[in-house]
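A short write-up of the structure that comes next.
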Amino acid sequence: MLFRSITVQLALSRQIRPQNPCVSSPYSLYRQATRQSRYYATSQPPPLRTNAVKSKVKTPELSLKSPSPSSGAPNKFRRFEWEVSKHQGPVCLFRAPKQRSYIIGAYTTASFCYMYAGYNFYTSSIDPVLKIQWWQELLFGGICFVMAIMGTVFFRRGFGLISQINAVNLNGKTQLSIKVRRMLPFMKQRELTLAPSELSISQKVTVSETELTKAGWSESQQRFARQRALDNTPFLKMPVQKTSLAIFRAFSNARRLFTQEHFVYVNIKGQKSTLRLDALGSFSPEFHMLQKAVVEVV
C-alpha cells in the first residue's frame, strides 16, 4: 500500500512539472540569477522615459532668471555724497586762481593777430602802395589768413574757464554748481547745475607725494591762504611784492597761452562746448573723491 502511494506521487509530479515551468530547482534558480546579473552588468542602461525628458527640458524655463547686475556707476559716488552730506551748506570743491593776466594776454594777442591780418590784407590786396606780382599777393593773402585763424584761437582761449565748483546736498541728492567765465570779463558768470555722474574729466589733477600727507596738505593750504591774502592786499601797502607777483604771472600766463599747460578739459553731458579747469587753483579733499569716481566711471 505504501509502495503504491509513492509511485502515484512520482507520476503526478512528472505530469505537473512541465505544466508549471516557473517551478524549478535551487540550482536552476541560481543559474538564472547569475545570468540576469551578468546581463544587467554588460548591457546599456535603459532609455529614459519621455516624461523625464520633458521635465528636464522644462526645468530651465521654469527656473527663475537671475537679475542682470546693475551698473556700478552710481555706487562710485557714495563716498563723495556722504562727505558732502556732512556739511550744512554748499561745499567749495575748486576755486580758480587769479586769471586776469591770462585773459588780458589772450585778448591782446588775438587783437594783434586780427590787426596784423587786416592791415596787411588792405595794403597788399585792396589798396597796395606798390604794384606787386600775383604770387606775392597770394603769399601775403595766405599769411593774413593764417594770422586771422591764430587770432580766433587765442580769442577762444579767453573764455570757457571754470572759476569755481561747488557741491550741495538738496533733498538727499548731490548736485554740482559750476561757474564759468563769459566771453567779456565784466559780464556775469554763467552757472551750470548738474549731477556728479554727468561730469567727465580728461585727466587727473596730479598731486605731489608731499601733499598726500596731512602735513603736506596743511602746508599747501597755508601757502594758498598766503597767496590769496597777498591778492586781496591793496597795492600801496606792499608795492614791491605786488609788482613782483604781477610780473611773474604775466610771463607764466604768456607761456601758458601757447602751451596750455596746467589746464584740464572738462566735458558735461548735453553740452557741446568744452570747459577748462586751471590746475593751479585750490582744491578741497572732496574734489579728489569726485575726481576718482569720475575717472573710474569713464
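The values are calculated or read from the model by the stated rules, or taken from the named source; none is laboratory data. Only a predicted model underlies this, so the values are computations on that prediction, with no experimental measurement involved. Virtual Cβ from ideal backbone geometry, glycine too; neighbours counted across all protein chains shown.
Miscellaneous remarks
- Taken over region 278-297, residues that are under 19 Å from the mean Cα position of the chain (by Cα) and within 11 Å of Arg95 (Cβ to Cβ) amount to 1.
- Filtered residues of region 259-274 (kept if more than 20 Å from Pro196 (Cβ to Cβ) and either in a helix (DSSP H, G or I) or polar (S, T, N, Q) (or both)): Thr259, Gln260
This table checks each residue for (1) modelled with pLDDT under 90; (2) on the phi < 0 side of the Ramachandran plot; (3) outside any strand (DSSP E or B); (4) surrounded by 14 or more Cβ atoms within 10 Å (Cβ to Cβ).
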residue	(1), (2), (3), (4)
Leu184	yes, yes, yes, no
Lys188	yes, yes, yes, no
Ser218	yes, yes, yes, no
Arg223	yes, yes, yes, no
Ala229	yes, yes, yes, no
Phe248	yes, yes, yes, no
Leu257	no, yes, yes, yes
Arg276	no, yes, no, yes
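Yes/no per residue for (1) within 43 Å of the chain's Cα centre (by Cα); (2) assigned by TED's automatic domain parsing to the domain that holds Gln175; (3) crowded, with 18+ Cβ neighbours inside 10 Å:
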site: Glu81; (1), (2), (3): yes, yes, yes
site: Ser85; (1), (2), (3): yes, yes, no
site: Pro90; (1), (2), (3): yes, yes, no
site: Arg95; (1), (2), (3): yes, yes, yes
site: Asn120; (1), (2), (3): no, no, no
site: Leu130; (1), (2), (3): no, no, no
site: Leu139; (1), (2), (3): no, no, no
site: Phe145; (1), (2), (3): yes, no, no
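- Qualifying residues in region 90-120 (those that are in a helix (DSSP H, G or I) and among the polar types (S, T, N, Q)) - the one nearest to Val180 (Cα to Cα): Ser101
- Every residue from region 278-294 that is of a type in the set (Gly, Ala, Ser) and assigned to a helix (DSSP H, G or I): Ala293
- Residue-level check: of (1) at pLDDT 90 or above; (2) in a helix (DSSP H, G or I), Thr123 misses just (1).
- Cβ separations smaller than 9 Å between residues 6+ apart or across chains give the following pairs from region 269-298 residues that are touching a residue at least 40 places away in the same chain (Cβ under 8 Å) and aromatic (Phe, Trp, Tyr) to residues that are part of a loop (DSSP other than H, G, I, E, B) and surrounded by fewer than 19 Cβ atoms within 10 Å (Cβ to Cβ): Phe283/Val205; Phe283/Val207; Phe287/Val205.
- Residue identified as at pLDDT below 85 and either closer than 29 Å to Trp82 by Cβ or not assigned by TED's automatic domain parsing to the domain that holds Leu199 (or both) among Val264, Val295: Val295
- Residue match in region 151-159 (condition: part of a helix (DSSP H, G or I), more than 17 Å from Arg256 (Cβ to Cβ) and either modelled with pLDDT under 90 or not assigned by TED's automatic domain parsing to the domain that holds Glu191 (or both)): yes
- For the condition part of a helix (DSSP H, G or I), modelled with pLDDT of 95 or more, closer than 28 Å to Thr108 by Cβ and of a type outside the set (Phe, Trp, Tyr), Ile143 does not qualify.
- Candidates Phe154, Phe140, Phe186, Phe121, filtered to the one that is aromatic (Phe, Trp, Tyr), under 30 Å from Gln291 (Cβ atoms) and out of contact with any His (no Cβ under 9 Å at 6 or more places or on another chain): Phe154
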